[in-house]
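Please treat every number below as a calculation from the coordinates, not as lab data. Here the structure is a predicted model, which means the values were calculated and not measured. When we count neighbours, we look across all protein chains shown, and the Cβ atoms used for this are built from the backbone with ideal geometry, even at glycine.
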Amino acid sequence: MNMNLYSRGDKFFAICIMVLVGLFTLSTLYPFIYIAAVSFSSGFAVTSGQVTIVPIDITFAAYDRVLSDPMFWNAYKNTFIYTFGGTFVSLLIIIPGAYALSRPQLKGRRFWNFMVAFTMWFNAGMIPFFLNMRDLGLLDSYFGIIIGFACNAFNIILLRNFFEGIPDSFTEAARMDGANDFQVLWKVFIPLSKPAIATITLFCIVARWNGFFWAMVLLQDEDKLPLQVYLRRVIAELTDDEEFVSSTVNALYSFETVTAAIMVCSIVPILMIYPFIQKYFNKGIMLGGVKE
Amino acid sequence: MQNIQQYTSRIMRHIRAEWQLYLLLAPTIIWFIVFLYVPMYGLQIAFKDYSIFKGVAASPWVGLEHFYTLFESEQFMRAIKNTLILSGYNLLFGFPMPIILALGFNEFTKAFFKRTAQTVVYLPHFISTVIIAGIVMSVFSPSVGVVNLLLVQMGFDSVYFLVQPEWFRPIFIGTGIWQEAGFTSIVFLAAIAGVNPSLYESALVDGANRWQMMWRITLPSILPTIIIMLIIRIGNILEVGFELIILLYQPSTYETADVISTYVYRQGLQNAQYDLAAAAGFFNAVVAFVLVLTANTISKRVTKTSLW
């Protein structure tokens, strides 16, 4: 809208809004700045209460400590396996499934769609899911984590709706050229649905990268833990670790700086894909006007 | 008999012709059966004396025994109460915030500021619960956390926020708003984007100011969206962010922090009382199911469109 049309009252109103939204924005940003500042400060500066916004006695000691722990790298590697393996398997199931569910010639289409959608309203819950995973022999395994969370109703319905919006003329033209379902999906639907598929891919990546609860419940072997569970353990175990309790004075790193450093290491990859997330999730929300 | 034969042969012919479609569908359906429907069959342990060795099917039935135990247990009743209280507060304080933010964003005239602010407020939604909990713990840490540093500087005593039951609710609700309000505002921003611009133009001609336009045009225009979102939220009232609770609570705060899902987690996965915990989960799932169906019916009536 044109600035010239603003009266003085409007300007005052605009400033009030700017201040309010600005305050909310700053208070959202501040904790991240604080964590980053702590991670780059010396342990002593933090434990003596000097760090609030900027790092004090700048040091990389906490990062040295974190990055020299082989378990950290192992957890990082595992998170990559779960994230990319999991996302790949998800797409492998979701894309063909959504395609089939969007085709009018599929017999029992209403039934299959209901079967998928029903799980959004009714869920057996934690315990039966866990016992089922145990009965399937999927406890403590990479494969269990990857396959057990590969699918969900929301993503399938989202993509199915998008596929349903593709005009029949495209499908018919491909059919005329003698394309079968695999070819129609691969050569027509997938190229036409790049934004929707990108959205789902990002949903999967973010969910996998951040997933912690089931990894904590299903995995026992330390070698298989993802980053988030590793971080939780570090927070829980280092709290009363001798190394930290006894070395609060003049220490280069402390419990606080080490956990902050791990948090920063875990946030950075999300920040790296954040521009893509921003580009697609707006669309995803619009697409997600989930309708039966 | 002949009908059935005819029918089967027709189906077989159809499948032979369209086998590719069913092959593409198969992984999805198998996955849903194996990972979501088999557990629903396993829910029967809520009515059984479950033994790991006998398995789901062979364990003896006990009827409603676990449900009697649950409703006589103070812990479970406390969990129901806490779930409702946390959800209620969340609705009360958390629901208006994204609307206010969206209205605010809409008033921004400089695209750069608007984009920057949005980029920042959407971010916490994409950060893992473990990190969020880690941030809460360090910000509220009793000795070095910035909140306590501030309190001490202002002459107050420092407070060990995370071990005091009376502080759990404000911290949990506040964290939820901090994490999700920005992201949820997208829905309302989308609704605002759909408002007919000619309404503003004629209001401008009539000499309306920005405040009046927001109050009289924008807000009423997005009211249907607000109502749908409110109904969804009420339908999901049993859903609380239990992952964050598991990371933040401790025995000293169970009194205000323990909700149904954390109760299920402790009884079932930590104490291996699978049948009792499954019963608690079953109760939760059934009530949630009824609530969501009711919410959907109401929203159908109100807006003439189903949520699904």
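Things to note:
- Sorted largest first, the spans of the alpha carbon positions of the protein assembly as shown along the three principal axes are 90, 75, 49 Å.
- Considering only A:Gly49, A:Val116, A:Ala260, and ranking their Cα positions along the charge dipole of chain A that arises from unit charges at the beta-carbon of Lys, Arg, Asp and Glu, the one farthest toward the positive end is A:Val116.
- Beyond 23 Å, the tail of the calculated P(r) for the range A:70-222 holds 46 percent of the Cα pairs.
- Net dipole in debye of the range B:67-303 [+1 Lys, Arg Cβ; -1 Asp, Glu Cβ; about Cα centre; nearest 20]: 660 debye
- Simple point charges give the picture: +1 on the Cβ of Lys and Arg, -1 on the Cβ of Asp and Glu, and for the range B:170-308 a dipole about the Cα centre of about 460 debye.
- Separation of the B:Leu150 and A:Ile166 label points, Cα + 7 Å toward Cβ, nm: 5.2 nm
- With contacts taken as Cα pairs under 8 Å at a separation of at least 6 residues, the range B:67-303 carries a relative contact order of 30 percent.
- Partners for B:Lys110 among aspartates and glutamates (Cα-Cα distance below 18 Å; same-chain residues under 8 apart left out): A:Asp10
- Exposure proxy order (Cβ contacts within 10 Å, fewest to most) of B:Tyr37, B:Tyr249, A:Tyr99: B:Tyr37, B:Tyr249, A:Tyr99
- Panel order for B:Ser87, A:Ser27, B:Ser138, by other beta carbons found within 10 Å of each beta carbon, from fewest to most: A:Ser27, B:Ser87, B:Ser138.
- About the Cα centre, charge dipole magnitude for the protein assembly as shown (Lys/Arg +1, Asp/Glu -1 at Cβ), debye: 2480 debye
- Rg [Å, one decimal], Dmax [Å, integer] - the range B:2-58, C-alpha atoms: 18.2, 48
- Span-like helix ranges in chain B, DSSP H, alpha carbon extent 27 angstrom or more, Kyte mean at least -0.5: B:165-193, B:274-303
- Calculated [θ] (222 nm, deg cm²/dmol) that DSSP helices of n ≥ 4 give over chain A, each run adding -39,500 (n - 2.57): -21500 deg cm²/dmol
- Computed per residue of chain B from DSSP H runs no shorter than four, each worth -39500 (n - 2.57), the mean residue ellipticity at 222 nm is -20500 deg cm²/dmol.
- Each of B:Phe188, B:Val146, B:Met12 was scored by the projection of its Cα onto the charge dipole of the protein assembly as shown, and the greatest displacement toward the positive side belongs to B:Met12; charges sit on the C-beta of Lys, Arg, Asp and Glu.
- Signed unit charges on C-beta, dipole axis of the range B:67-303, positive-most listed residue B:Ala208, B:Ala285, B:Tyr160: B:Ala208
- Sorted fewest first by neighbouring Cβ atoms within 10 angstrom, B:Met213, B:Met77 come out as B:Met77, B:Met213.
- Inter-label distance, nm, simple model (7 Å from Cα along the C-beta direction), B:Gln164/B:Arg115: 4.5 nm
- For chain A, the membrane-span-like helices by this rule, meaning whole DSSP H stretches whose C-alpha atoms cover at least 18 Å of axis and whose Kyte-Doolittle mean is -0.5 or above, are A:8-40, A:86-102, A:109-121, A:194-210, A:255-287; this says nothing about an actual membrane.
- Across peptide A:217-226, the average count of Cβ atoms from other chains found within 10 Å of a residue's Cβ is 1.
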